[in-house]
1. Give me the one-decimal nm value for the distance between modelled label points at ARG480 and MET552, 7 Å along each residue's Cα-to-Cβ direction.
2. Using the reciprocal of the averaged 1/r over all distinct C-alpha pairs, how large is the Kirkwood radius of the chain in Å?
3. Show which lysines lie in cross-link reach of LYS683 when reach means a straight Cα distance below 23 angstrom and same-chain residues fewer than eight apart are skipped.
4. How charged is the neighbourhood of ALA32? Take every other residue with its Cβ under 11 Å from the Cβ of ALA32, and add Lys/Arg as +1 and Asp/Glu as -1.
5. Amide H of ILE488: which non-local residues (sequence gap of 5 or more, or other chain) have their own amide H closer than 5 Å, using H built in the peptide plane?
6. Using each residue's phi in segment 746-756, evaluate 6.51 cos²θ - 1.76 cosθ + 1.60 at θ = phi - 60° and report the 3J(HN,Hα) Karplus result to the nearest Hz, with x for Gly and Pro.
7. Which FRET efficiency value, to the nearest 0.05, do you get for ASP460 and ASP405 by plugging their Cβ-Cβ distance into 1/(1 + (r/R0)^6) with R0 = 30 Å?
8. Please list, or write none, the aspartates and glutamates whose alpha carbon is within less than 16 Å of the alpha carbon of LYS58, excluding same-chain residues fewer than 8 places away.
Amino acid sequence: MHPMGQNKGGRRPRLNRVAVCGAGVMGAQIAAHCVNAGIPVVLFDLASEGDRNAIVRKALAGLRTLKPAPLGLPEMAGLITPANYEDDLHRLADCDLVIEAIAERLDWKRELYARIAPALRHDAVLATNTSGLSISVLAEGLPESLRERFCGVHFFNPPRYMPLVELIPTRHTDAALLDMLESFLVSGLGKSVVRARDTPNFIANRIGVFGIMAAIEHARRLGLSVDVVDELTGTRLGRAKSGTFRTADVVGLDTLAHVMRTMEDQLPGDPFHAYFSVPPVLRALVEQGALGQKSGAGFYRKEGRRILRLDPDTGQYVPAEGAIDPEVAALLAEKDASVRLKGLRASSHPQARFVWSLLRDTLHYSAVHLHDIAGTARELDLAMQWGFGHRQGPFELWQAAGWRDVAGWIREDIAQGATLSDAPLPDWVDAPGVIGAGGVYTAEGGAWNPASSDFEAPRDLPVYRRHVGPGPYAAARPRRTVHEDSAIRCWVLEDAPDVLIASFRTRMHTLSPDVVRGIMRAADLAESGYRGLVVGHVDDPFSAGADLKALMPIFEQGGPGAVAPIQREMQDMVLRLRYAQVPVVAALAGMALGGGCELAVHCDRRVAHFETYIGLVEVGIGLIPGAGGLAYCARRAAELRAGAPEAPLLAFLKGFALAVAGARVSGSAAEARQLGYLQPQDKVVMHRNEVLHVAVSEARALAEAGYRPPMAGRFPAAGRDGAATLRAQIVNLQVGGYISDYDAEVAGVVAEVICGGDIDPGSEIDEAWMMACERRGFIGLLGREKTQARIRGFLETGKPTRN
Ligand code: NAD
């Protein structure tokens, strides 16, 4: 039996309350993410004179305005309990987990542990967020009884958005406790966990920062500018768009220099040590206070609308040049990794030489150190994916490009003195098992462990049996396709074959006319042999809305009249889902815009990833929601009002109307609830890969409870008086300069439709009436020149044109 199910030695099987010590950059944001996840949290820092919790309160105020937002809603800062070590240590007695995130000093951390240890519960877990100190050395100062409940838990900045958390045990850490903590981090906080050995900078920063050092060295050697390096090491290399130097600016050059110094000081025996001192260009920037984005200058400086790059030779900022040689670009675009690496290696172009050198050194370095820093190759690869946004980890790339060939190339380069160190590749690279598997991964999902000289399956924690999606745990949930065409795939999980899942096959999961028909077919299929239907995908987004690219030619040829039947079909589709005889659950994650939002609000339930960005954005392209979005708002406002009959209907309608008029999109599932696109009974899930699992469970639970579709009823509309009041508010926005004149005109149509049209206030209407109002408003706007210009502009630039 798994330890999570036990209550070993009186240990609580769940972590219900958290304390965070240190309200700095990391501590405050970790606390914020706990309240995002609905976990009560106490945030400690040093006591001040006067207002004893002044440091924490200042940090809480900062959380409300920091970008990217650490909180689902700014006001959630009020859910974090402020505390200090002098007056409030008793508060630790309720906490199951204490995360220490104070300044990076061994002596300070030890002093703090001595201070808080007597106040901790006998079974509480203590974890440190240190990036560079040894976990074992920190553990030495702890009372014996606490040592087995202590480990490292290394979050990345910003903790809400960076998936990776490295979990670092010492030799004393209780194994069952570690499993419990991993389960909490994954399911409770939505993080992706890698286990690391207790070595300086752990895995991701060790390999990632080595890569930055290597990039700086090769750029210097080959004379490439920072913007060219970023162009070469961004999306073209399957990495974050910001490449190398812009990422460094975002991270903070002082933080980066600190990580480099840790490598220099603590890894004297590393065969690559000669390259570990902070490069002069970086040292000079930090000395000048050019720390990157936070101080306005770093490797780049923004001047008005122009972005200038640093010229390391002169120290001046100059215009970016950024041109990639077309031949190098073609090599980087090559899909076959073997052809790609071979081509880069063979080219004499400095840009190609740069990329090959960087990749080769990273593979070389990863191979030399895998044994000391990670349990298996999988941990190292995942650390780079989740911590640095690389599409593929180094070993995955190596294997994809041909294990033996690449090993041979690296060895040739070592022999020729081209590598940053002459350290040989470790013997395991040629182990019969590795050669047999063609690399460090087997077809069955095993990953090479150089310590045991064998392949290891992914950690089998119950929490991973909830995962459906890409990644190492996908194999745990086999899937079976039931129906597939060019627009839609209907499938089931083999272990839950009674719930049908419908996924769209369009780019960005847009709703093309074929997808719309596919969804209706999925509803037929679900009713004919399944207990429920889930609409959603293993990957983001949920849906970017109607497929404008497919609709535009139809419009150009036939005008608004040609689009009318397509719009009607979309309305029919959302109603088909609402009134299906089986429960329909939308599995939301990422964007759910326009038609995607309209589809979701018509399902019986929504299960939403915390990172769900949902909204009715049609006004941005000069339209109103035309697939039931406004019908939903009108009905939902009436439902909410039914619970408070003395309040005016408009009090409930206004929020919806202004959200639509402003094309507002939620920044989180928490905000989606506030906007009314998620309802109280809808579930929010922290880990992306649990969304489909929970959605399927939800559909089953609804079926189990004897599901019946809602009965189509009548509801009161706000009518012409409501519309007049809303229009007056829109005029205020227009006069205040918040929205353009044409925005206001379109918003006026929103106001009219959402109130049910030109009817007496309080008139009872139904969905069919609302749908007809929507159609009239939508088709009317589609005939307008400015709307057409907005749509064309959007298709060209991907951004709304505000004309
Ligand atoms: P920070 O400087 O922003 O905050 C440190 C906090 O510690 C401050 O609120 C300060 O009041 C408090 N503090 C200072 N001295 C103290 C003492 N003697 N006793 C108790 N509290 C004290 O630091 P940060 O960037 O949030 O880093 C905190 C920890 O997280 C460090 O161990 C760091 O290595 C680690 N970390 C940082 C990052 C990052 O990107 N900043 C990322 C991962 C991990």
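1. The two pseudo-label positions are separated by 4.3 nm.
2. That comes to 28.9 Å for the chain.
3. Candidates past the 8-residue exclusion: LYS191.
4. +2
5. Close amide H contacts, sequence-distant or interchain: ARG505.
6. Each residue of segment 746-756 in turn: 5, 4, x, 5, 4, 4, 5, 5, 5, 8, x Hz.
7. 0.35
8. Output for LYS58: ASP45, GLU49, GLU75.
Every read-out reported here was derived from the displayed coordinates using simple, explicitly stated rules and does not represent laboratory data. Not measured: the values here are computed from a predicted model. Cβ coordinates were reconstructed from backbone atoms using ideal geometry, including for glycine residues, and neighbour counts include every protein chain displayed.
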